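**Student:** Got a structure for you, questions after.
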Amino acid sequence: MLRHLLKSKIHRACVTDSNIEYEGSISIAEEFMEAVDLWPGEKVLVASITSGHRLETYVQVSPHGSKSIVINGGAAHLIKSGERVTIMAYTLSEVPVESKRILLDAENNIIG
């Protein structure tokens, strides 16, 4: 039996920008994507710790070292710049999966 399991988690990231005019997605700094094994185009669940809003979208890469987390398109009406979010991706597996997780501080430095 296949089960949905957490595979990637970026916890307490600070949204650095929100862009309503963009066509959609979330842009994530390359170093964060590498740390938790996210791919461009991968589906993610974004949960705002600040507002409680939750949404699904796909990932785009922001430049390495930018520390950016940008909410694009219609999602920018729900999650704004300055909010703290958790970004999660899931996989289907028949066996337990050890998820890759990072914790960020208010300036989006990896602290755990």
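**Student:** Does Val95 satisfy the criteria of being among the hydrophobic types (A, V, I, L, M, F, W, C), closer than 30 Å to Met1 by Cα and without any contact (Cβ under 8 Å) to a residue 12 or more places away in the chain? Show your work before the answer.
**Tutor:** Details: among the hydrophobic types (A, V, I, L, M, F, W, C): yes; closer than 30 Å to Met1 by Cα: yes; without any contact (Cβ under 8 Å) to a residue 12 or more places away in the chain: yes.
When the stated conditions are applied, Val95 passes them.
**Student:** Here is a further query. Being surrounded by fewer than 17 Cβ atoms within 10 Å (Cβ to Cβ), among the β-branched types (Val, Ile, Thr) and closer than 16 Å to Ile102 by Cβ is true for just one of Ile49, Ile10. Which residue is that? First the steps, then the outcome.
**Tutor:** Details: Ile10 fails: surrounded by fewer than 17 Cβ atoms within 10 Å (Cβ to Cβ).
Being surrounded by fewer than 17 Cβ atoms within 10 Å (Cβ to Cβ), among the β-branched types (Val, Ile, Thr) and closer than 16 Å to Ile102 by Cβ holds for just one of Ile49, Ile10, which is Ile49.
**Student:** If you don't mind, another one. Out of all the residues in the stretch 13-24, which are more than 17 Å from Gly82 (Cα to Cα) and surrounded by 13 or more Cβ atoms within 10 Å (Cβ to Cβ)? So that I can check it myself, show each step before the final result.
**Tutor:** Step one: of the stretch 13-24, the residues more than 17 Å from Gly82 (Cα to Cα) are 21-24.
Passing the criteria: Tyr22, Gly24.
**Student:** Next question. Report the residue count in the stretch 2-58 for those that are modelled with pLDDT of 95 or more and in a loop (DSSP other than H, G, I, E, B).
**Tutor:** 14
**Student:** Any residue in the stretch 64-79 that's part of a helix (DSSP H, G or I): show its pairings with residues that are aliphatic (A, V, I, L, M) and at pLDDT 95 or above at Cβ separation under 8 Å, as long as the two are six or more apart or on different chains.
**Tutor:** Pairs found: Ala75/Ile26; Ala75/Val46; Ala75/Leu55.
**Student:** Inside the stretch 62-95, can you point out the residues that are among the aliphatic types (A, V, I, L, M) and surrounded by fewer than 17 Cβ atoms within 10 Å (Cβ to Cβ)?
**Tutor:** The first filter runs over the stretch 62-95 and keeps only residues among the aliphatic types (A, V, I, L, M), leaving 69-71, 75-76, 78-79, 85, 87-89, 92, 95.
Of everything in the stretch 62-95, those that are among the aliphatic types (A, V, I, L, M) and surrounded by fewer than 17 Cβ atoms within 10 Å (Cβ to Cβ) turn out to be Leu78, Leu92, Val95.
The values are calculated or read from the model by the stated rules, or taken from the named source; none is laboratory data. Here the structure is a predicted model, which is why all the values come from computation and not from measurement. All Cβ positions, glycine included, derive from the backbone under ideal geometry; neighbour counts span all protein chains shown.
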